[in-house]
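Please read the structure below before turning to the comments.
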Amino acid sequence: MANLIAVKATRTGLLLYNAGMQTEAVQPSTVANSPDTRSRPQLPGLSTAELVEQMQAIGQPAFRAKQVRDWVNKGVTNPVEMRNLPAALQQELSDHLICSPLSLIQRQCSEDGTRKYLFKLQGGGNIETVLIPDTSRSTVCVSSQLGCVLDCPFCHTGTQRFSGNLTAGEIVAQVLAVKNDLRREPLSNDLHAEVTHVVYMGMGEPLANEAGVYNSLRLLMDEQGLNLSRRRITVSTSGLVPQIGRLGETTPVNLAISLHAGSDALRDELVPINRKYPLAELRMALDTYPLPTQRHITLEYVMLAGVNDRDEDLDALARFVNPERERVNLIHFNAWPGSPYAGSAMQHMNSFAKELIKKGIRATVRRSRGDDIMAACGQLKSHLDLGDATSARGIADIANANKHKAGE
Ligand code: SAH
Ligand code: SF4
């Protein structure tokens with residue numbers, strides 16, 4: 001079915017409308033390109049102690065640091081919007097710090113409340129962030145790198161050229177930008193109004209960016225900052241074994257592993273980092289990862305028709321899982337233009353889950369969210385150009401294809 005996309009010029013940019021989804025393309029705010037742009041500290045990347053230091057450096061008392069902290073915690077990082085600060089201090093903050101390292105380029109809202117954001121980084125490059133609201137929680141899915149070098153063949157991000165790690169400030173800024181968006185435009189009443197959880201499942205391999213990711217975790221958990229408990233944060237990794245060990249030692253948040261195959265032969269193909277860290281090594285890393293009581297490691301398993309959804313694949317998976325400490329999350333394959341795989345039918349996914357459960361393994365089928373705006377896992381890729389109707393159409397077509405599949 002052809003998709004009708006109306007493009008309307010507005011004062012702030014272009015609005016693209018498509019049945020059931022709203023895409024808002026926002027002109028990027030002007031970015032200061034002075035040579036020192038990247039050398040100044042990023043406000044979202046400052047711990048409370050560092051913020052106090054920065055304020056002292058410009059001769060400000062501690063209570064001013066507290067005022068700024070309170071605004072940042074609400075998601076407001078632009079000093080002009082910090083209404084209780086004197087104009088001179090607002091200006092000084094803008095001069096000394098990079099207050100908003102991300103500029104919003106585009107925002108898409110799904111029928112189910114999911115919102116997808118495309119941000120431009122000051123140093124160049126675009127990233128995507130997703131808000132997944134639910135009745136009892138709202139989760140932000142953050143990106144940790146520009147692209148990914150790990151080349152999992154079913155993943156859209158993996159097809160994108162890698163062009164760098166995000167700083168801690170740029171990771172935290174994604175959460176703050178979503179919080180600010182929720183203040184300005186609240187969700188419908190049945191959805192949870194506040195950000196409660198953060199998952200590192202956007203673009204990039206978080207554990208290939210240890211400095212940025214560990215520092216961002218500390219900032220998210222900072223008691224005077226966003227104060228998220230480690231039980232509300234999940235890092236997803238394709239299985240970088242030494243880094244899993246270090247994450248457990250430094251910041252043992254919830255761990256999700258992109259497993260996708262229970263045998264080395266298949267995993268070497270689907271998750272090529274397996275050639276470096278095969279399943280036996282991954283097993284040791286998982287067995288020693290610290291787990292609070294009642295918690296599990298999540299093994300993510302994207303279901304690809306005829307590839308990893310056969311009886312022998314189920315047996316291999318069941319042999320790998322440690323049911324005491326791990327649970328399996330079956331993920332619907334989210335198609336993208338040119339992807340070489342087809343997803344397993346929903347009915348087959350459900351019976352695969354049942355078979356695992358019969359074997360004593362906790363297994364769930366992940367509900368897909370934001371299909372109509374291509375916001376689901378593995379579909380994030382920063383290829384959108386502002387006002388590019390061709391790519392918007394491509395996205396709409398894929399979104400429609402996904403909707404039909406979901407209705408099967
Ligand atoms: N690099 C990390 C985190 C980002 S990917 C990792 O690989 O874990 C987040 C999740 O999306 C991973 O489980 C990944 O395997 C999965 N994924 C990637 N492409 C997908 C696709 N097209 N459909 C469904 N899930 C996908
Ligand atoms: Fe990278 Fe994760 Fe995608 Fe693999 S699945 S290419 S590790 S982002």
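The stretch 62-193 has equivalent-ellipsoid semi-axes of 28, 21, 11 Å, by the square roots of 5 times the alpha carbon gyration tensor eigenvalues, sorted largest first.
Here r is the Cβ-Cβ distance between Arg325 and Asn78 and R0 is 41 Å; the resulting FRET efficiency, rounded to 0.05, is 0.40. Here the gap between Asp268 and Gln294, fully extended at 0.36 nm per residue and compared with their Cα-Cα distance, gives a gain of 6.2 nm. Cβ-to-Cβ counts within 10 Å put Ser39, Ser94 in ascending order as Ser39, Ser94, the fewest first.
Can you tell me the FRET efficiency between Arg246 and Thr364 if r is taken as the Cβ-Cβ distance and R0 is 22 Å, rounded to the nearest 0.05? So, using R0 = 22 Å, E works out to roughly 0.20. Extending 7 Å from the Cα toward the beta-carbon at both Asp151 and His96 defines two label points whose distance is 4.7 nm.
Of the GluC sites (Glu not before Pro) found in the stretch 65-143, those in coil by DSSP whose Cβ has at most 14 other Cβ atoms within 10 Å are Glu111. As a rough footprinting exposure proxy, the listed residues Phe320, Phe333 were ranked by other beta carbons within 10 Å of their own, and the order from fewest upward is Phe320, Phe333.
Taken over the stretch 140-272, the convex hull of the Cα atoms encloses 129 Å³ per residue. A simple packing score, the average count of other Cβ atoms within 10 Å per residue, orders the peptides 297-303, 180-186 as 297-303, 180-186, with the highest score first.
Potential lengthening of the chain between Ala305 and Ala88 amounts to 72.0 nm, from the contour at 0.36 nm per residue minus the alpha-carbon distance.
For the stretch 189-332, taking Cα atoms only, Rg and Dmax work out to 15.9, 50 Å respectively. The length gained by stretching the chain between Ala342 and Arg275 to full extension, at 0.36 nm per residue less their Cα-Cα distance, is 21.7 nm. Taking every C-alpha pair closer than 8 Å and separated by at least 6 residues, the mean separation divided by the residue count of the stretch 85-172 gives a relative contact order of 17 percent. Solvent-free Debye calculation, one equal scatterer per alpha-carbon of the stretch 47-96: log10 I(q)/I(0) at 0.19, 0.25 Å⁻¹ equals -0.53, -0.96. Calculated on C-alpha atoms, the gyration radius of the stretch 230-291 divided by its Kirkwood radius gives an Rg/Rh of 0.98. Tell me the GluC sites (Glu not before Pro) within the stretch 301-332 that lie in a loop according to DSSP and have at most 15 other beta-carbon atoms within 10 Å. Here the sparse-neighbourhood loop sites are Glu324.
Every number here is computed from the coordinates shown, using simple stated rules; none is lab data. Here the structure is a predicted model, which means the values were calculated and not measured. Note: ideal-geometry Cβ built from the backbone for every residue, glycine included; neighbour counts use all protein chains shown.
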